Amino acid sequence: MLDLGGDTALASFLWMLVCVVLIIGLAYWFTRYVAGRGALSAFAAGRRMEILDRLPLGRDQSVVLARVGERYLLLGAGTAGVTLLAELTAEEAAAWRPPETAGEKPGFREAFLTIMKQRERR
């Protein structure tokens, strides 16, 4: 008789291995994508609106620096909604922007550690 048990177990193991490698690959790609572009700017890619910086103030409150066309807006975001705090000139907004890196995206390890540190603060 033909023993299919060994072949089935091997096929199951290989399929599980492919799934694990795929999950790790997707996690790597996602963290590079999120860390490299920012969580919110991924939705604004190619548009005239962009989130330049965000400062969390509390559980559901933050201050956001946004660029809409040529205008720079300082916004307060909370559970009650979004409030315009100030409109900044390009020079004032440049002082608020985080320093630009040399175009290098952080590696998987750095992105993962940054995300874990952010989760620990919550």
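The values are calculated or read from the model by the stated rules, or taken from the named source; none is laboratory data. Source: prediction; values computed, not measured. Please note: Cβ atoms are built from the backbone with ideal geometry, for glycine as well, and neighbour counts cover all protein chains shown. Each accessible area value is taken on the protein alone, full model and side chains, heavy atoms only, with ligands, DNA and RNA left out. Shrake-Rupley method; radii C 1.70, N 1.55, O 1.52, S 1.80 Å.
Could you sort D53, D7 by their accessible area in this structure, using a 1.4 Å probe and putting the largest first?
D7, D53
How do the peptides 70-76, 109-115, 90-96 rank, highest first, by the average count of neighbouring beta carbon atoms within 10 Å per residue?
Sorting 70-76, 109-115, 90-96 by mean packing, highest first, produces 70-76, 109-115, 90-96.
Please find the FRET efficiency linking A27 to R59, where r is the Cβ-Cβ separation and R0 is fixed at 30 Å, and quote it to the nearest 0.05.
In this case the efficiency is close to 0.65.
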